[in-house]
Amino acid sequence: MSPVRRPWRLAAEASALLIAAAVAFPLYWMVLSAFKPAGEIQSTEARPWTLAPSLDSFRRVFEQQEFGRYFLNSLLVATSVVLASALIAFLAATAVTRFRFKLRTTLLIMFLVAQMVPIEALTIPLFFLMRDLGQLNTLGSLILPHIAFSLPFAVWMLRGFVKAVPEALEEAAYIDGASRSRFLWQILFPLVFPGLVATSVFSFISTWNDFLFAKSFIISDTSQSTLPMALLVFFKPEENDWGGIMAASTVMTVPVLVFFVLVQRRLVSGLGGAVKD
């Protein structure tokens, strides 16, 4: 490496470390506050360490009634959205890429436009729609909207992966006697699987952290609530339980980290394939 380029590389690496530290610090402070005793959290002198870690905040979290049910509800909703949106997006991306039909371009433009509409603007119309469908106070009122909001991004992203598969490969499969369904699931699906993983990560995170829909559509039946709603228990009129809030937030973060660890290799290759396309 030339001596001229080395300072620039060192500067880039230092900048990357600073950005990583700035991003990681809120997570560190959240975990630290979860382990701090109540006296240190309420102290006016904030310290980035603790010499007396405590599990009291986590104990209060797990002693909350229905917390386990909220966790299972969040897991069910996020898993349903990931699986359903991945399946529908894969079939839709294949259709708009491999087939020629009227209004195909218009449909693709609508996918882009759908991503520009803020979720807050559609919450009230979705509320009335869920009411008319009889889905209020059910997990279906959370699953259906998240599938709808996940599909435009997933279809648009997977379209690049499907398009990258040579049509000659499809023709060769048909010549060898493969049916369309066999080519779809045994050849095309494994090739675009990294893209499915990449889109699934975004679907999982947005669904897992959702508060707006959970607050708007789960009105009276608290047994159908999800984890973000459990945080409201620790916000009290007289004084917020910041230890409990940070401990519950830490517990909420664990499944996301586990999901990232399980799919990290596929995620990197999927994002790399998206950039290359």
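The values are calculated or read from the model by the stated rules, or taken from the named source; none is laboratory data. Every value quoted in this text rests on a predicted model; they were computed, and no experiment measured them. Cβ: placed from backbone, ideal geometry, glycine included. Neighbour counts: every protein chain shown. Accessible surface areas use protein heavy atoms only, side chains included; no ligands, DNA or RNA. Shrake-Rupley method; radii C 1.70, N 1.55, O 1.52, S 1.80 Å.
The separation of region 238-256 from region 38-109, counted between C-alpha centres, amounts to 15 Å.
Pull out a ≥ b ≥ c, the square roots of the eigenvalues of the alpha-carbon gyration tensor of region 6-60, then state rounded if a/c is under 1.5, prolate if not and a/b is larger than b/c, and oblate in the remaining case. It comes out prolate by the Cα gyration axes. Taking the 1.4 Å solvent-accessible surface of the chain as the whole, the part contributed by carbon and sulfur is 67%.
Residues S216, S57, S179 ordered from highest to lowest accessible area at a 1.4 Å probe: S179, S216, S57.
If R0 is 22 Å, what FRET efficiency do you get for L232 and V258 from their C-beta distance, rounded to 0.05?
Details: r = 25 Å, r/R0 = 1.12.
That gives a FRET efficiency of 0.35.
Summary of the geometry: region 143-162 and region 202-217, compared by the centres of their Cα atoms, lie 16 Å apart.
Find the relative contact order for the chain and round it to a whole percent, using C-alpha pairs within less than 8 Å whose residues are 6+ positions apart. Let's see the in-between values first.
On the way: 257 pairs, mean separation 84.2, N = 277.
For the chain, the relative contact order is 30 percent.
Toward the positive end of the charge dipole of the chain, with +1 on the Cβ of Lys and Arg and -1 on the Cβ of Asp and Glu, the farthest Cα among V77, F217, L262 is that of L262.
For the full complex of protein chains and a 1.4 angstrom probe, list E40, E167 by accessible area with the highest value first. Intermediate results must be reported in sequence, preceding the final value.
Working: E40 60, E167 110 Å².
So, going from the largest accessible area down, we get E167, E40.
For region 1-96, the alpha carbon convex hull comes to 219 Å³ per residue, rounded to a whole number. Could you work out the helix-only [θ] at 222 nm for the chain, with each DSSP H run of four or more residues adding -39,500 (n - 2.57) and the total divided by the number of residues, to the nearest 500 deg cm²/dmol? Result for the chain: -24500 deg cm²/dmol, rounded to the nearest 500.
So for region 156-277, averaging the separation of alpha carbon pairs under 8 Å that are six or more residues apart and normalising by length, what relative contact order in percent results? Kindly include the intermediate steps, with their values, before the conclusion.
Numbers: 69 pairs, mean separation 47.1, N = 122.
This gives 39 percent for region 156-277.
Once fully extended, how much extra length lies between L169 and T79, figured as 0.36 nm per residue of separation less the alpha-carbon to alpha-carbon distance?
29.2 nm
Number of Lys pairs in the chain with C-alpha atoms less than 20 angstrom apart, excluding same-chain neighbours closer than eight positions?
Working: K36/K236; K102/K163; K163/K276; K215/K236.
Total qualifying Lys-Lys pairs in the chain comes to 4.
Would you please classify the overall shape of the chain from the alpha carbon gyration tensor, given that a ≥ b ≥ c denote the square roots of the eigenvalues, rounded means a/c under 1.5, and beyond that prolate means a/b larger than b/c while oblate covers the rest? Oblate, since a/c reaches 1.5 and b/c is not below a/b.
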